[in-house]
């Protein structure tokens, strides 16, 4: 009772106060008319309203209009709801870049559920771990992955609804694993399903497991607000014009395709599906569909450059390609430009819901030599419009390092496009958000121009005789050698120095080179202590997203 | 005590429950690392980081770089803070489109204050009313308005800080009214002022008084979240490319220049200032600065079209012009296209923080005749990406009308770009948000294509013999007459019919026409009951933003 009385007194007192500026605005609060939760799902109904007959999705000979795409998404949401999928449930999808994957980016959140896209290169054990950890209620999968998804489903203890995509474009092996085929399942859904925006814009929309190069994969939770803003950021940073034609050379399972399943729809563009990254398909598709935009790791760019002449096609229109995952080597940029591509380098990571910086071109780069311009373009660049804080800082204090292009620090990020956190892993979430900043684990320098340049992953730095050696710097030297197709440098334990750099080089086809040649090359291009003690030739293992698997190489380095 | 016990029991029960999907996500909440308040103010530090040397503002021979612009904004924020301006205080500005007005869009919110831009055509009484109602602490004004601002300041009871802009480009009459000149005042501020984002993104950023064609002006409160999203909406709906060159033909006092002071900075573009809309200045500026984008009411377009040949300049690059306030007449669109402009029609209002729909072009319009295409382009169109709900509905029930292109309803809007409400006017705020929708007061039909077409302002509809007559429809017929420069139709009280349409026509220079001719013209173009009973020739009064002042004409109609 005393408490209630006190409250009453306070209200009376407030009324007696003279009008202060704070009181001036106090009654003005957001409500139903002037507040709506931000969600990228909203882009689809709008596109369907405005351009119902426009082609939203191209897949082989199949054409899906925006009206059709919205109908498919609502049917999927309804079909899931009918099978008991509820708010906050996880729907997993292990799919190539096919229409069902695009449907899932809208239909799953329209059912209030969370989309968990699974890396298609994973093994059965890891897939089973993810399905268990995410407590997935549904698995949508393509026949092509039956040989791993089948065993994965057998391992998990619960029975979940399995929906098979049986794509007419895929005629290879792989049986159906579930009780229903995707297109049949869609038909069970109501095309007029009355979906709702999430009550809370900071609620989960997607769940992406990190590739797990060390330890168990972590479940990165994406939120509606963040993915809406990231989608807008893609548009304003590139920038993406109205009605782009977007070719899916980036896997949609990777950070939800950097949020492009949503960005492209916001601009009422056309998605061109692609089951596998194959230059023999890509070049003709660019010409046939008038592709204007695409994304991919530098390895995708390398594939296009190395494509045999008979696979290449000339195209008259500019094709914009956004690349990230690792810095694009100078000769890759140059070769891509010669093919007619306009390259933009971005930096991001799963925890950032896609790109976070872009290497925004400067007008004065036009006067640089090709080599110097490529050096600039390979930097990670500057923050997206939608990213609030982006510094190179001390990992402990989170204070920025000097912008001198020399002092190394960790890339630290603050803002709405940072993930919500790791699923069921408060410890890792707390650690990665220590000090109120997202710790990327990437070591970089900060240039006076404000551009950030990554020197290494925190765990990839080589400490030799007490000196830091950036594996990236050694790799850049290796890439300059004309015989190099791919290069990677890792630490090798050493009795004298603690660690020494060990180089792995994949040579171009039909080219030969020796270890001695490469070591000599490095001596001419690097400080003495940075020169690799060992050079190993062979195919370099990469992840599904084109990243070099350094943990595999570190293992190998121990043995050579 | 009973209540507390009950609560405790409930918590225990919840802990005993098996893990439900809701629990899965419960610990993941936005915090410092992954949440930042949305504010358009954030665009300026980013642009200054990335393009410090780029020209942000052009004013006569003056060039302000992005580093300089950011410094000016911080100095303004600091100077205001030093003079006691606190969070939530109102800073008024009555300025032409000069650099100080751009500074104010950043510096005022950086001080935590609210920017109140005042319509430069207002009289002393109304200005005094606004300063009193807004409880303004500061007035930034330009010498050119001294003859009204002086008397306005004399009328208000408080002493406020008056800062004069003494623009070297203005050499006309008007004394300084305050104690300090703007550039001197700026110098008192700290260029490193440590400003902060607002704690609450739904807090006020700006205050715009409606033109007050009926009753007292109402103070429309803009919020950080809404103006951030509106700024992004401008970019994605037009869409606006990187580094636009934006000419200020739209007054910045009008809905904060439709949020373009922020949008242009988000894209690191260049603001080209303009003190007055004068074709003799505009055409050479388009050529000299390579202007790519501009905005204005259809009357601005008419001025450009009617400019004498010696004032016109040819330009090779496309210039995009966004127009709104009233539908652009077909011949205005056609003439603008012939001059080399690309016209996009938008619809918005003060309460919507700028444009809310755009008349997004459809690919099949290319096959239409010029006349038919202009009819399509004059529709209000479809919602911005950032607008959640946009319907033509029953004002009472807020249920949508059929999309038949015939049934009239009110344009009702929901979403983040809707104002926070009216300052110190709970009754009007409640009324305009009735049913959880913003009631625009505009009557429209909804086409099967989803495009909205305004038929009239609610208060401008003419009810004649029980039949509704859209004043807009009659105006369209009048505009088709080759002698018409401007046309407006209002109701005239009539004993027999209740009301009848009364037409006001401003003829083109050097052209003559009679009332009988116009009535005959309307008979051939309209249903009989819609034909004006009276046609009055003369100059049509418009507001500062180019809108016809119908309340003046209604007054006149009573006397003719």
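Observations on the structure shown:
- Restricting the calculation to Cα atoms, every distinct pair contributes to the Kirkwood radius of chain A, found to be 25.3 Å.
- The stretch A:368-404 and the stretch B:53-124: distance between their alpha carbon centers, rounded to Å: 30
- Efficiency of FRET from Cβ geometry, residue A:457 and residue A:496, R₀ 25 Å, rounded to 0.05: 0.50
- Residues A:491, B:369, sorted so that the one with the fewest Cβ neighbours within 10 Å comes first: B:369, A:491
- Peptide packing: for A:57-70, A:440-453, B:105-118, the average count of neighbouring Cβ atoms within 10 Å per residue gives the ranking B:105-118, A:440-453, A:57-70, highest mean first.
- Judged by the mean number of other Cβ atoms found within 10 Å, the most tightly packed of the peptides B:494-503, A:259-268, A:406-415 leads the ranking A:259-268, A:406-415, B:494-503.
- For the pair residue B:316 and residue A:524, a Förster radius of 41 Å applied to the C-beta separation gives a FRET efficiency near 0.25, rounded to the nearest 0.05.
- Spin-label model, residue B:397/residue B:62: points 7 Å from Cα along the beta carbon direction are separated by 5.7 nm.
- Computed P(r) (all Cα pairs; the stretch A:461-559; 5 Å bins; percent): 3, 14, 26, 26, 19, 9, 2, 0
- Per-residue [θ]222 nm for the protein assembly as shown (sum of -39500 (n - 2.57) over DSSP H runs n ≥ 4, rounded to 500): -9500 deg cm²/dmol
- Peptide B:258-269 has a mean of 1 when you count, residue by residue, the C-beta atoms of other protein chains within 10 Å of its C-beta.
- Label reach from residue B:509 (point 7 Å along Cα→C-beta): in the stretch B:265-290, amide nitrogens under 18 Å belong to B:277-284.
- Hull shadow area, averaged, the stretch A:374-487 [alpha-carbon convex hull, nm²]: 9.1
- Pairwise inverse Cα distances across the stretch B:59-196, averaged and inverted, put the Kirkwood hydrodynamic radius at 14.9 Å.
- Backbone N under 11 Å from the residue A:155 label point (7 Å along Cα→Cβ), restricted to the stretch A:97-127: A:122-127
- Shown for residue A:434: label points 7 Å from Cα along the beta-carbon vector, and their distances to the equivalent points in the other copies, 5.9 nm in ascending order.
- DSSP-defined antiparallel bridges as percent of all bridges, the protein assembly as shown, nearest 5: 60
- A simple spin-label model places pseudo-atoms 7 Å from Cα toward Cβ; at residue A:427 and residue A:537 they are separated by 4.6 nm.
- Mean partner shielding of peptide B:230-243, defined as the number of other chain Cβ atoms within 10 Å of each residue Cβ, is 4.
- The mean number of Cβ atoms from other chains found within 10 Å of a Cβ in peptide A:382-391 is 5, as a whole number.
- Taking label positions 7 Å along the Cα-Cβ direction at both residue A:408 and residue B:216, the computed distance is 6.6 nm, reported to one decimal.
- DSSP beta bridges in the stretch B:309-402 [antiparallel fraction, %, rounded to 5]: 60
- Taking the C-alpha atoms of the protein assembly as shown, convex hull volume expressed per residue in Å³: 208
- What sits nearest the axis between copies A and B, counting only chain A Cβ atoms, is the residue and whole-Å distance A:232, 3.
- Placing a label point 7 Å from Cα along the Cα-to-Cβ direction at residue B:173 gives distances to the equivalent points in the other copies of 9.5 nm, listed shortest first.
- Here the peptides B:234-242, B:509-517, A:329-337 are ranked by packing, the mean other Cβ count within 10 Å, and the order with the highest first is B:234-242, A:329-337, B:509-517.
- If both residues of a DSSP beta bridge must be in chain B, then about 60% of such bridges are antiparallel.
- Between copies, the label points of residue A:549, set 7 Å from Cα on the Cα→Cβ line, lie 7.7 nm apart, reported in increasing order to one decimal in nanometres.
Computed from the coordinates by the stated procedures, all read-outs in this text should not be read as laboratory data. Nothing here was measured: the structure is a model prediction, and the numbers come from that model. Counting neighbours? That spans all protein chains shown, and the Cβs are built from the backbone with ideal geometry, glycine included.
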